[in-house]
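Enquirer: Input: one structure, supplied below.
The values are calculated or read from the model by the stated rules, or taken from the named source; none is laboratory data. This one's a predicted model, so the numbers in the text were calculated from it and none came from an experiment. Neighbour counts are summed over all protein chains in view; Cβ atoms, including those assigned to glycine, are modelled from backbone coordinates with ideal geometry. SASA here: full protein model, heavy atoms, side chains in, ligands and nucleic acids out. Shrake-Rupley method; radii C 1.70, N 1.55, O 1.52, S 1.80 Å.
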Amino acid sequence: MSIPLSILDLVFISDGSTAREGIAASMESARLADRLGYHRLWFAEHHNTPNLASSATALLISQAASVTENIRVGSGGVMLPNHAPLMVAEQYGTLANLHGDRIDLGLGRAPGTDGMTAQALSRSSAEPQAFAQHIYDLQAWFGETGTAHSTPILSSVSQGMEVPIWVLGSTVNGASIAGQLGLPFSLASHFAPDQIDDAIRVYRESFSTEAPTARIDTPQVMAGINVIVADTDAEAQRQFTTLQQMFLDLRAGRRRKIQPPVDPEQFAGSSPGMLEISAVGSPETVKAQLDEFVERTGADELITVTYAFDPAVRNRSIELLAELWF
């Protein structure tokens, strides 16, 4: 039996389109993923980017949950330094009241943006001790009393909602924090391949059920991977150039919307190493690549990221992936 398969959405804005159109396309993909049996749909928080409309994750989650029935919907994640923890508890408690037990809260310590924007957004500390305390308080706000450990402030809207919390990370440091807290770990291997094996090992070795924040009995790893499935290997490689262009733009400081695919030969030898963890090709090719990645990592779940200039190409990839996996 295959492990669960999920989707991470950054709400892409293609060249020539608007944020409104990008959001509408993401909601259509959410409906599709729900019908096809994907386990989760998470939205990633990003700011000051011309090609992504995933800034307000709670609003996107609420809309996606309202157009779906079964899929879990959550954040991948809320970048906690940008938010007051009480506000996060109130927002995600409200989501759980609106949509029931389908809401996840993934938390990260990075700002999800550049330094200047991070300064404009900054509300709380990203230091490990502060991060752990914020999670402890969030769990209490989601718990039976609805009152945090560090303050007598009540969050009635989140009280008793027990929203599951995940820790996001891309390095051994983030992995260690997740393990010590006894929480599930979502590894950002789709853009940070350098420490995958070490991060997973450190997470499992440091995992503790004794921490007051612990909520699971055994380590749980969800690993990220870029995926584009097409009818042929050649077509998938061509569509993959959209993501290659995006990361090369990031490296060069170019601020463009999502670009249409080009001849893959243009990227021979120049594709960013950050994209090493990718499964690109026909269904048969991608199935083999995903199986190899699962065997390497021992992941309990995969979360896939599919960049495409044309939303129809993305949806076709989501369909083909479901056919080969479920």
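Enquirer: Return the total of residues in the range 49-93 being in a loop (DSSP other than H, G, I, E, B) and of a type in the set (Ser, Thr, Tyr).
Expert: First pass over the range 49-93, keeping only residues in a loop (DSSP other than H, G, I, E, B): 49-51, 53-56, 67-71, 83-84.
From the residues that got through so far, the ones that are of a type in the set (Ser, Thr, Tyr) too are 49, 54-55, 68.
Looking only at that region, the number is 4.
Enquirer: Hey, can you tell me all the residues within the range 209-233 that are open to solvent by 30 Å² or more (accessible area, probe 1.4 Å) and touching a residue at least 24 places away in the same chain (Cβ under 8 Å)?
Expert: Here is the first cut: in the range 209-233, the ones open to solvent by 30 Å² or more (accessible area, probe 1.4 Å) are 209-210, 212, 215-220, 231-233.
Of everything in the range 209-233, those that are open to solvent by 30 Å² or more (accessible area, probe 1.4 Å) and touching a residue at least 24 places away in the same chain (Cβ under 8 Å) turn out to be 209, 210, 212, 215, 216, 219, 220, 231, 232, 233.
Enquirer: Condition (residue is part of a loop (DSSP other than H, G, I, E, B), in contact (Cβ under 8 Å) with a residue 24 or more places away in the chain and either more than 23 Å from residue 301 (Cβ to Cβ) or open to solvent by 30 Å² or more (accessible area, probe 1.4 Å) (or both)) applied to the range 18-29: is it met by at least one residue?
Expert: Quick first cut of the range 18-29, residues part of a loop (DSSP other than H, G, I, E, B) only: 18.
In the following step, the residues that additionally are in contact (Cβ under 8 Å) with a residue 24 or more places away in the chain were identified as none.
No, the conditions are met nowhere in the range 18-29.
Enquirer: Then there is this: So which residues in the range 295-323 are open to solvent by 30 Å² or more (accessible area, probe 1.4 Å) and over 21 Å from residue 52 (Cβ atoms)?
Expert: 295, 296, 298, 300, 316, 319, 323
Enquirer: Taking helices (runs of 4 or more DSSP H) that fall entirely within the range 124-207, which contain at least 2 residues that are without any contact (Cβ under 8 Å) to a residue 24 or more places away in the chain and open to solvent by 10 Å² or more (accessible area, probe 1.4 Å)?
Expert: Working: elements: 128-141, 172-181, 196-206.
Filter on the range 124-207 gives 128-141.
Enquirer: Which condition does residue 252 not pass, out of (1) closer than 28 Å to residue 165 by Cβ; (2) open to solvent by 20 Å² or more (accessible area, probe 1.4 Å), if it passes all the others?
Expert: For residue 252, the exception is condition (1).
Enquirer: Right, next: If the requirement is being open to solvent by 10 Å² or more (accessible area, probe 1.4 Å), on the phi < 0 side of the Ramachandran plot, of a type outside the set (Gly, Ala, Ser) and at pLDDT below 95, which of these qualifies: 47, 39?
Expert: Going through 47, 39 in turn, just one is open to solvent by 10 Å² or more (accessible area, probe 1.4 Å), on the phi < 0 side of the Ramachandran plot, of a type outside the set (Gly, Ala, Ser) and at pLDDT below 95: 47.
Enquirer: Checking residue 284 against (1) open to solvent by 10 Å² or more (accessible area, probe 1.4 Å); (2) closer than 20 Å to residue 8 by Cα; (3) among the acidic types (Asp, Glu), only one condition comes out false. Which one?
Expert: (2)
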